[in-house]
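The values are calculated or read from the model by the stated rules, or taken from the named source; none is laboratory data. Worth saying up front: this structure is predicted, and the values here are computed from it rather than measured. Because the Cβ atoms are built from the backbone with ideal geometry, glycine has one as well, and the counts that use them run over all protein chains shown.
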Amino acid sequence: MTARILNGKELAETVRAEVKAGVSAFVALRGRAPGLDVVIVGEDPASVVYTRNKEKAALEVGMRGKLHKLAGDTTEVDLLALVAQLNADPHVDGILVQLPLPSHIDAEKVTRAIAPHKDVDGFHPTNAGLLAIGRADKALVPCTPRGCMKLIALSGVPLAGARAVIVGRSNIVGKPVAQLLLAQSATVTIAHSRTRDLPAVCREADVLVAAVGRPELVRGDWIKPGAVVIDVGINRVDDPQNPGKTRLVGDVAFAEASQHAGFITPVPGGVGPLTIACLLENTLLAARARVEI
Ligand code: GUN
């Protein structure tokens, strides 16, 4: 069997086009564009690129986008003051504070300080709690898990009664993906570094989501024939074919897994592009919800 590729780049384009149309309608109705404010503290190179891309993506769909670049030695008090100012600003619909934060700042405290209805990352305990009690309709749901669900939907494989295994228990991906799959009536297992016989657990999965950040951990013979494989990992590794160069790989050994899976996401071009598209979607949802309140 050779798996069909779930093309995240193409799907993300569709989502962005839908958001763009939604933004135009919002502007026509409200006389202002939805606004996304992104905050970065320090100059971590990956975070600089991610935050720039988020601001750019917001502008491209017609939103107001602003990137707040704070020095690496910004105090927690000053960061919390900015968050409070953005919470109170009626032109701000979405607030995203890029993680990781420098070690002198308590990231959880900052996450809790963001108004839940502007928390477009979906990391605030109120949003996580709404998701956990089955009220995703009332919550802002984290972006990468939303992207995973869109890719699974693209496969067309029904989730009710299916066995789903998530490898990774992070608050950002593993736990929310598990909640979303459960809400669709899948039978869900969250596996992690202490799971016994991980290959055997994975072989049970009709839907396998790998989100551990371990390059090519999931091997081809861990995949149930015909399964949907969603690879959230983005790992930079040395490229043996090009000495001195690096390449991106996922948490799944793609070539091997493609021989067993029914559907699989590539890295890059799978889950990654959907994360920003879902961030834009969340910002539009937050703007609409704020108007309705
Ligand atoms: N750092 C890496 N991914 C993310 C994300 O989705 N949101 C935030 N706020 N920080 C991140």
**OP:** Could you run through the stretch 257-266 and say how many residues are over 20 Å from Pro158 (Cα atoms) and either acidic (Asp, Glu) or buried (at least 23 other Cβ atoms within 10 Å of the Cβ) (or both)?
**Re:** 1
Original post:
Of all the residues that make up the stretch 129-147, how many are more than 13 Å from the ligand (Cβ to nearest atom) and under 11 Å from Val177 (Cα atoms)?
Top reply: 2
**OP:** For Val19, state whether it is within 30 Å of Ile152 (Cβ to Cβ), surrounded by 13 or more Cβ atoms within 10 Å (Cβ to Cβ), of a type in the set (A, V, I, L, M) and under 22 Å from the mean Cα position of the chain (by Cα).
**Re:** yes
**OP:** Output the qualifying pairs, or none if there are none: Cβ atoms under 7 angstrom, residues six or more apart or on different chains, first residue in the stretch 85-114 and under 19 Å from Cys143 (Cα atoms) and among the acidic types (Asp, Glu), second residue more than 13 Å from the ligand (Cβ to nearest atom) and in a loop (DSSP other than H, G, I, E, B).
**Re:** Asp93/Pro34
**OP:** With respect to Gly220, determine if the residue is within 16 Å of the chain's Cα centre (by Cα) and more than 27 Å from Thr14 (Cβ to Cβ).
**Re:** no
Original post:
Hey, which of the strands (runs of 3 or more DSSP E) in the stretch 228-293, taking only ones fully inside, have at least 2 residues that are more than 15 Å from the ligand (Cβ to nearest atom), touching a Ser or Thr at 6+ places or on another chain (Cβ under 9 Å) and touching a residue at least 40 places away in the same chain (Cβ under 8 Å)?
Top reply: 228-231
Subject >> Residues (buried (at least 23 other Cβ atoms within 10 Å of the Cβ) and basic (Lys, Arg)) located in the stretch 112-171 >> reply: Lys118, Arg146
Original post:
Here is a list of conditions, (1) surrounded by fewer than 22 Cβ atoms within 10 Å (Cβ to Cβ); (2) over 27 Å from Pro142 (Cα atoms), and Leu217 meets all of them except one; can you say which number that is?
Top reply: (2)
Original post:
What's the number of the condition Val49 fails, among (1) of a type in the set (A, V, I, L, M); (2) surrounded by fewer than 17 Cβ atoms within 10 Å (Cβ to Cβ); (3) under 21 Å from the mean Cα position of the chain (by Cα); (4) outside any helix (DSSP H, G or I)?
Top reply: (4)
**OP:** Hey, can you tell me all the residues within the stretch 207-227 that are more than 21 Å from Leu274 (Cβ to Cβ) and touching a residue at least 40 places away in the same chain (Cβ under 8 Å)?
**Re:** Leu217, Gly220, Pro225, Gly226
**OP:** Taking Ala33 as meeting all but one of (1) surrounded by fewer than 17 Cβ atoms within 10 Å (Cβ to Cβ); (2) not in a helix (DSSP H, G or I), write down the number of the exception.
**Re:** (1)
Original post:
Do we have any residue at all in the stretch 41-49 that's within 15 Å of the ligand (Cβ to nearest atom), modelled with pLDDT under 95, within 17 Å of Cys143 (Cβ to Cβ) and not acidic (Asp, Glu)?
Top reply: yes
Original post:
Filter the stretch 84-110 for residues that are of a type in the set (Gly, Ala, Ser) and loosely packed, with under 13 Cβ neighbours inside 10 Å; which is nearest to the ligand (Cβ to nearest atom)?
Top reply: Ser103
**OP:** For the stretch 109-212, please list each of the strands (runs of 3 or more DSSP E) lying entirely inside it that holds at least 3 residues being closer than 22 Å to Ile5 by Cβ and either more than 14 Å from the chain's Cα centre (by Cα) or of a type in the set (D, E, K, R) (or both).
**Re:** 163-167
Original post:
Among the residues of the stretch 57-75 satisfying the criterion of being part of a helix (DSSP H, G or I) and within 16 Å of the ligand (Cβ to nearest atom), which is surrounded by the most Cβ atoms within 10 Å (Cβ to Cβ)?
Top reply: Ala58
